[in-house]
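Written out below as structure tokens is the structure these notes cover.
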Amino acid sequence: MTAAKKLASPETYMETGRVERVGAAFAVRLSSGSCEARRAKSCLVAPDVGDKVLCAIEPDGVYVLAVLDGREGAPTKLATDGDLVVQARGGRFAVCASERIDIAGAREVAVTGAEVQVRARKGSVAIDELGFFGRLVQAEVTKIALIAQEADTALTRLTQRVKRVFRFVEEVDQTRAGTIDLRAQNLVGIRGENAIISARVLAKVDGEQIHLG
């Protein structure tokens with residue numbers, strides 16, 4: 001009896017077969033012959049050529065219910081034609097792998113949660129354009145190395161407490177401020193090929209000893 005004749009039967013039954021072709025419709029070889037089949041919505045594993053599948057034969061068509069066995073070493077692929085939502089109500093959802101986990105989106109990847117934690121021994125981030133909006137940033141690091149062509153910072157207040165500061169400027173170091181107050185416990189040294197001190201109203205030098213020349 002051919003597969004077409006079996007499909008004419010009003011009863012529904014199940015049978016195993018082998019996938020011969022994949023695409024919009026599958027070609028599955030059953031014991032009665034080859035026929036076209038559709039993947040059931042509950043069958044999330046995408047069948048591949050050569051896979052052994054369980055099929056439901058109904059009067060209106062053949063449905064692939066599950067993938068029973070596949071090629072050794074071939075990856076298992078979960079695929080849907082539309083949106084896929086995985087939801088754990090009132091519980092925990094975990095994705096684990098012994099080697100690597102990849103999350104890729106052709107357009108966007110969004111992560112939303114009351115709290116997000118990322119822990120790794122080593123990490124790298126490559127982003128063409130990054131926008132960050134937040135209320136508070138706290139960071140504790142041993143060393144920071146930053147290489148940039150330009151850096152623009154607009155702040156209302158900046159407070160720094162360091163033990164040693166070294167700055168090396170090749171061309172111009174310019175500071176414009178309403179008031180500049182420099183204080184040192186021991187020594188203030190200003191050295192240059194030329195030094196100019198100019199004041200529009202008053203220039204004052206005060207000390208127990210003043211040496212010029």
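The values are calculated or read from the model by the stated rules, or taken from the named source; none is laboratory data. This one's a predicted model, so the numbers in the text were calculated from it and none came from an experiment. For neighbour counting, all protein chains shown are included, and Cβ atoms are generated from backbone atoms with ideal geometry for every residue, glycine included. Just so you know, the surface numbers come from the protein's heavy atoms only, side chains and all, with ligands and any DNA or RNA stripped out. Shrake-Rupley method; radii C 1.70, N 1.55, O 1.52, S 1.80 Å.
Reported to two decimal places, what Rg/Rh ratio describes the stretch 1-119 when computed on Cα atoms with Rh from the Kirkwood expression? Computed over Cα atoms, the ratio is 1.10.
Ligands, DNA and RNA aside, Thr142 has an accessible area near 150 Å² when probed at 1.4 Å. Potential lengthening of the chain between Cys96 and Asp152 amounts to 16.1 nm, from the contour at 0.36 nm per residue minus the alpha-carbon distance. Based on Cα contacts under 8 Å between residues 6+ apart, the chain shows a relative contact order of 11 percent. Of all the options Arg167, Arg200, Arg92, the one that moves most in a Gaussian network model of the chain with Cα springs shorter than 10 angstrom is Arg200. Dividing the radius of gyration of the alpha carbons in the stretch 140-213 by their Kirkwood radius gives 0.99 for Rg/Rh. Averaged per residue, what accessible area in Å² does the stretch 112-213 show with a 1.4 Å probe, protein chains only? It amounts to 130 Å² per residue over the stretch 112-213.
The candidate values are (1) 117, 39, 33; (2) 58, 37, 37; (3) 52, 48, 30; the one derived from this structure for Cα extents along the principal axes in Å carries the label (1).
Built from the Cα atoms of the stretch 91-142, the convex hull projects on average onto 6.4 nm², one quarter of its surface area.
Whole angstrom only: what separates the Cα centroid of the stretch 151-213 from the Cα centroid of the stretch 12-82? Using only Cα atoms, the two centres lie 78 Å from each other. Charged side chains reduced to their Cβ positions (Lys and Arg at +1, Asp and Glu at -1) give the chain a dipole of some 660 debye around its Cα centre. Surface listing: Phe26, Phe132 arranged by accessible area from highest to lowest gives Phe132, Phe26, probe 1.4 Å. Over 23 Å apart at the Cα level, from the set Lys122/Lys163; Lys163/Lys204; Lys143/Lys163, are Lys122/Lys163; Lys163/Lys204. Shown for the chain: the carbon plus sulfur share of the solvent-accessible area, taken with all protein chains present and a 1.4 angstrom probe, equals 49%. Secondary-structure-derived ellipticity at 222 nm for the chain, considering helices only, amounts to -500 deg cm²/dmol, per-run term -39500 (n - 2.57) for DSSP H runs with n ≥ 4.
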